[in-house]
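*Asks:* Okay, handing you the structure first.
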Amino acid sequence: MKIFHILFLFFALLSFGASEVSTSPNQENQSRAQSQSLPNERIVYAKNATPDEILEKPIYVGQTIPITYSALLMNNAILQQSLFTEKLSSDKLTLKTPNAQWKGAEDNSVQITYYFKIKSPNAMIPEFEVIAKSKDNSYTDSSIVPSIHLNVIDLYQNKKYVGVVADSLKVGIYKAKNYDADYNLLAFELIATNANLEDFKIPDFQKQGIERSNFSAQESSGIFYCVVPRNIQNISFEYFSLPNNRFETIQIPVIPAADIVSTQESLKPKNTYLLYYSLFIGAIIVTLLILSFFFKKIRKILWILSFGVFVYLLFYLFYTKSGTLESGKHIWVLPTHNSTILETTKTSMKVKVIGEHDKYYKIITPDDKVGWIRKEDAE
């Protein structure tokens, strides 16, 4: 009986061992499958790295602000792409540095800074996604930075505000002259630092524009002009000072210099070239008359030449070219392609040409307005 019991235990142990050996491969396959189904580990972490002092203080419409992003790449991952997940709304903000590049930072991360011009109180920086791939190119990972809400203030409630926010804004040279019987033309230079000078516009003046400009991120300048009613002796406007956090007032006198343009010169202006040319012709006449007293044989010829030159001088001084300006043609304030339109002719009119510059004629209209037209528009 004991022998039988011992044999039973022996065969039972053999059967248990066989079952253990037969199940081990299945467990190994299940373990391998479970390990293969595990997700890939994170290799990129992105965040908004813009300093708090930029985002927490008020931002003004027209202002340009920097937005900085930081990305930390793990396990020698490679930065593949970065992008805003939504299309930027051009009426709310403008990306001024679309080609910004990632740069290394001191904490072993990489950073990129974009500059945005804020154009609306509803402006918002959209979500930003950073995509990286593993060192062996076996998979990619991405990290999304949430959209950034801004505290934007619109300053246009101020009726004297010209739309400029700046660290500084000052007036350079300026000059006023008679424009016509009712208006003066004021030209002035503005020099600004960290400003949106391209948005400059004086309220309540219909005819104004930019003659020359140099707009950049730090230093900006431009020559501006506006047509001002004669009863206004100076213009006053305000810009917003970022360092002082308040409106600052600028005043420019609008008093034409008496010796620049008189009423008669407005009708028939004479420039320096005309003066010297007239003196030169007059000198020729005097020389011919003096020579006639020393050379009696050719005295009559010299007198005839003197008379001919004198007639030419009179013609040169008093002859005024005229032309016809057809309907639908523009008369410009200045002879530049981006000048303000003074008037668009409704019917054809006769005009007097009193000067020219490059591709433009300076003309006087029948109602004594002075402006510029393109040469091809005159017939």
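All of the numbers you see were taken from the coordinates with simple rules; none came from a lab. On a predicted model such as this, the values are computed, not experimentally measured, just so you know. Backbone-built Cβ (ideal geometry, glycine too); neighbour counts: all protein chains shown.
*Asks:* Defining a contact as two alpha carbons under 8 Å apart and six or more residues distant in sequence, what relative contact order in percent does the range 44-153 show?
*Replies:* 36 percent
*Asks:* Report the FRET efficiency, 1/(1 + (r/R0)^6), for residue 350 and residue 142, where r is their Cβ-Cβ distance and R0 is 45 Å, rounded to 0.05. Could the numbers behind the result be given before it?
*Replies:* On the way: r = 71 Å, r/R0 = 1.58.
For residue 350 and residue 142, the calculated efficiency is 0.05.
*Asks:* Under 20 °C and 1.002 mPa s, how fast does the range 71-120 diffuse according to Stokes-Einstein, given a Kirkwood radius computed over C-alpha pairs? Answer in µm²/s, whole number. Walk me through the numbers before you get to the answer.
*Replies:* Numbers: Rh = 12.9 Å.
After rounding, the answer is 167 µm²/s.
*Asks:* Taking only the alpha carbons of the range 196-242, what extent do you get along each of the three principal axes, in Å, biggest first?
*Replies:* Principal-axis extents of the range 196-242 (Cα, largest first): 37, 25, 15 Å.
*Asks:* Identify the trypsin sites (Lys or Arg not before Pro) of the range 54-114 meeting these criteria: DSSP loop state and at most 10 other C-beta atoms within 10 Å of the C-beta. Walk me through the intermediate numbers first.
*Replies:* Values: sites: 87, 92, 96, 103; in loops: 87, 92, 96.
Within the range 54-114, the qualifying trypsin sites (Lys or Arg not before Pro) (loop, at most 10 other Cβ atoms within 10 Å) are 87.
*Asks:* Between residue 159 and residue 307, what FRET efficiency follows from the Cβ-Cβ distance if R0 is 51 Å, with the result rounded to 0.05? Numbers along the way, then the final one.
*Replies:* Details: r = 65 Å, r/R0 = 1.28.
So the FRET efficiency works out to roughly 0.20.
*Asks:* Over the range 320-379, calculate the relative contact order: mean separation of alpha carbon pairs under 8 Å at least 6 apart, over the residue count, as a percent. Present the calculation step by step, with values, prior to reporting the outcome.
*Replies:* Details: 129 pairs, mean separation 21.5, N = 60.
Relative contact order here is 36 percent.
*Asks:* Okay, moving on. If you build the convex hull over the alpha carbons only and average its shadow over all orientations, what do you get for the range 320-379? Give it in nm² to one decimal.
*Replies:* Values: hull surface 14.0 nm².
The Cα convex hull of the range 320-379, projected and averaged over all directions, gives 3.5 nm².
*Asks:* In addition: Pick out, in residue order, every one of the chymotrypsin sites (Phe, Trp or Tyr not before Pro) in the range 51-124 that is DSSP loop and has at most 13 other C-beta atoms within 10 Å; say none if there are none.
*Replies:* On the way: sites: 60, 69, 84, 102, 114, 115, 116; in loops: 102.
Here no chymotrypsin sites (Phe, Trp or Tyr not before Pro) fit, given the DSSP loop and packing criteria.
*Asks:* Additional query: Which of the three applies to the range 164-253, rounded, prolate or oblate, going by the alpha-carbon gyration tensor with a ≥ b ≥ c and a/c under 1.5 meaning rounded?
*Replies:* Judged from the Cα gyration tensor, the range 164-253 comes out prolate (a/c at least 1.5, a/b above b/c).
*Asks:* According to the Kirkwood expression over distinct Cα-Cα pairs, how big is the hydrodynamic radius of the range 44-153, in Å? List each step's numbers first, then the result.
*Replies:* Values: mean 1/r = 0.0681 Å⁻¹.
By the Kirkwood definition, the hydrodynamic radius is 14.7 Å.
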